[in-house]
Amino acid sequence: MNWTTHEVTNQVPPLADYNLFERDVALRAAVEREEAAWHADTLHADGERLGGGDVQVLAELANRHTPELFTHNSRGERLDAVEFHPSWHALLGLLRAEGLHALPFSEPAPGAMAARAAGYFLHAQVESGTLCPTTMTFASIPVLRRETSLFSTLRDKLFSREHDPRDLPLIEKRSMLIGMGMTEKQGGSDVRSNRTRATPAEAPYTGRGAAYRLVGHKWFFSVPQSDAHLVLARPDGEDALSCFYVPRYTPDGKHNGIHVQRLKDKLGNRSNASSEVEFHDAWGVLIGEEGRGIPTIIEMANYTRLDCVIGSAALMRASFAQAVHHARHRSAFGRLLAEQPLMQNVLADLAIESEAATMLMMRLARAYDTEVESVSPLERAWQRIVTPAAKFWICKRTLEFTGEAMEVWGGNGYVEEGPMARFYREAPVNSIWEGSGNVMCLDVLRAFEREAEAAQALLADWRDVAMGAPTLKVALDELLAMLARPPVEREALARRIAQRLVLLAQAVLMVRHGEAASADAFVATRLGVSAAQSGRVYGTLPAGETPWHGGVIARAFPE
């Protein structure tokens, strides 16, 4: 009997063995523009490696074989150990080898932040979970290096480009990772409600640099296998929180009193371990000024928020590339999807959104090239005002973006064998982590109030562009009108203000540096009169007298 039921045709080959950097025109232009061209050869080599099928397999394996917690050994002794699939360590090794955990601090140079952002952007298109320990280690360095004595013992291991996965006292290791512990059950984003207590370990020695013992818990303790964490706790008798450096092992080489209760069963970011812990007289050192724990750790959070923007922009880019590749190889109704006008409109709209996000994250990264104390008002505005707005908006748009790209794939996008389901599950985390949307928008309002000089510099810079673009001028005037409303109304409008702010930032960048057709379409559909017709649905670009969408797609992802 003939058991052949059908032939497999019209299925799309995997997108593999291509150079992520070489195929990204917007990123390459931004690297040049933001003074990071000296890093281009490294980015080219990195893009080639990350586009290889073998690295994509590592990403899939790391998310299929999730971390396991072992609280005790066979003798009943506490281990609090987290085991990972070898693919996790291989991916971390790639990140570490590129210096993405420390580059601007270990090898400072003009454009170093933008160079690091571009490399991080490439890695984030492949796997997201390994970014978490990389980001927190990176963000901890500006905080820790203010502690001269402590940092002198950590510097070489923080800057090392070798990933050392061994669970050993730090003195025996070649490199280290840093995690963060802020939130507790009763508070979440309201860290001022934290109840973890810190008692001097060697009374009467207290204050900065002194040792303490911590008792309490953390509801989200990121990357529990890290070699140390920065933790918020309340010194005995104090109302204000302080920040503590809490290592995995105490100075005498014993396991610290950090008991991992369980790992979180998360929607996405599954390759990475997030946990709940209790502190049982955990040993730690107070860093920063006593009672100034929140400002101390917020400096770290500002860098992690920047990485949230970069990581979300990367998910956009990865999803777009997959969608275009699929449309170029899949036929329906007698022709390729990529040749159909409505699909071209969708893909061109995604291309423009991705390009604007790429421009924004690279511009933000350049603003972080200068230390906060000496930064110009304009660069401070990008750091302090635009970053939280971008974190709010880009992360939220990524949810819609990855969903649209998944839809291009149809049913194949909804199953776990391909990358689209993983991208979609990864999308929400950056909106939630390091401050939800409301927290970010309220931070934008506070920044406008506290950084008047920076705000004026930013608005003046944008006004120069708006004078030649009536739509931008109207949008800028509307932003100013909202900012002038009474405080209660302003708070109620905080999301609208943040959205308008970041769309203006992207529009200015697109007008200054993008292709005219893409810039005009972005302004018209995000800020202009056709914005009401477009809403937030992709694929609603104006048609024009002659087809132009195909050119936008070809430029964004050349064949």
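The values are calculated or read from the model by the stated rules, or taken from the named source; none is laboratory data. All figures in this text were calculated on a predicted structure; none of them were measured in a lab. A quick note on method: Cβ atoms are made from the backbone with ideal geometry, for glycine too, and the neighbour counts reach across all protein chains shown. Surface accessibility is based on the protein's heavy atoms, side chains included, excluding ligands, DNA and RNA. Shrake-Rupley method; radii C 1.70, N 1.55, O 1.52, S 1.80 Å.
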- [ ] Tell me the helices (runs of 4 or more DSSP H) entirely within region 345-435 that contain at least 3 residues that are touching a Gly at 6+ places or on another chain (Cβ under 8 Å).
- [x] 387-409, 420-426, 429-432
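Here is a yes/no grid of residues against (1) touching a helix residue (DSSP H, G or I) at 6+ places or on another chain (Cβ under 7 Å); (2) touching a residue at least 12 places away in the same chain (Cβ under 8 Å); (3) closer than 26 Å to residue 142 by Cα:
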{"residue": "255", "(1), (2), (3)": "no, yes, no"}
{"residue": "274", "(1), (2), (3)": "no, yes, yes"}
{"residue": "302", "(1), (2), (3)": "yes, yes, yes"}
{"residue": "323", "(1), (2), (3)": "yes, yes, no"}
{"residue": "338", "(1), (2), (3)": "yes, yes, no"}
{"residue": "348", "(1), (2), (3)": "yes, yes, no"}
{"residue": "361", "(1), (2), (3)": "yes, yes, yes"}
{"residue": "367", "(1), (2), (3)": "yes, yes, yes"}
Task: Unmet requirement for residue 188, which otherwise passes all of (1) open to solvent by less than 50 Å² (accessible area, probe 1.4 Å); (2) touching a residue at least 60 places away in the same chain (Cβ under 8 Å) - done: (2)
TODO: Can you tell me which residue within region 251-261, out of those that are open to solvent by 70 Å² or more (accessible area, probe 1.4 Å) and of a type outside the set (Lys, Arg), is nearest to residue 132 (Cα to Cα)?
DONE: 261
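Residue-wise test of (1) buried (at least 19 other Cβ atoms within 10 Å of the Cβ); (2) farther than 21 Å from residue 509 by Cα; (3) not small (Gly, Ala, Ser).
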| position | (1), (2), (3) |
| --- | --- |
| 419 | yes, yes, yes |
| 424 | yes, yes, yes |
| 433 | yes, yes, yes |
| 443 | yes, yes, yes |
| 451 | no, yes, yes |
| 460 | no, no, no |
| 478 | no, no, yes |
| 486 | no, yes, yes |
| 490 | no, yes, yes |
Open item on the list: Filter region 92-103 down to the residues that are touching a residue at least 60 places away in the same chain (Cβ under 8 Å) and surrounded by fewer than 21 Cβ atoms within 10 Å (Cβ to Cβ) and list them by number.
Closed with: 93, 97
Open item on the list: For region 153-185: of the residues being open to solvent by less than 20 Å² (accessible area, probe 1.4 Å) and part of a helix (DSSP H, G or I), which is farthest from residue 87 (Cα to Cα)?
Closed with: 154
Open item on the list: Just to confirm my filter: which helices (runs of 4 or more DSSP H) fall fully inside region 13-91 and include at least 3 residues that are buried (at least 16 other Cβ atoms within 10 Å of the Cβ) and on the phi > 0 side of the Ramachandran plot?
Closed with: none
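Per-residue answers, yes or no, for (1) open to solvent by 20 Å² or more (accessible area, probe 1.4 Å); (2) part of a helix (DSSP H, G or I); (3) under 30 Å from residue 230 (Cα atoms):
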site: 290; (1), (2), (3): yes, no, yes
site: 294; (1), (2), (3): yes, yes, yes
site: 300; (1), (2), (3): no, yes, yes
site: 304; (1), (2), (3): no, yes, yes
site: 308; (1), (2), (3): no, yes, yes
site: 311; (1), (2), (3): no, yes, yes
site: 318; (1), (2), (3): no, yes, no
TODO: Filter region 217-250 for residues that are open to solvent by 10 Å² or more (accessible area, probe 1.4 Å), basic (Lys, Arg) and either modelled with pLDDT under 95 or in a strand (DSSP E or B) (or both) and give the result.
DONE: 234
TODO: Quickly run through region 462-476 and pick out the residues that are in contact with a Lys or Arg (Cβ under 9 Å, 6 or more places away or on another chain), among the aliphatic types (A, V, I, L, M) and more than 11 Å from residue 507 (Cβ to Cβ).
DONE: 467
Task: Counted residues, region 341-354 - those being open to solvent by 10 Å² or more (accessible area, probe 1.4 Å) and either of a type in the set (Ser, Thr, Tyr) or touching a Phe, Trp or Tyr at 6+ places or on another chain (Cβ under 8 Å) (or both) - done: 1
TODO: Report whether or not residue 535 is open to solvent by 40 Å² or more (accessible area, probe 1.4 Å) and either of a type in the set (Phe, Trp, Tyr) or free of Cβ contacts under 8 Å to residues at least 12 places away in the same chain (or both).
DONE: yes
Task: Complete set of residues in region 489-532 that are free of Cβ contacts under 8 Å to residues at least 24 places away in the same chain, over 26 Å from the mean Cα position of the chain (by Cα) and assigned to a helix (DSSP H, G or I) - done: 489, 492, 516, 520, 531, 532
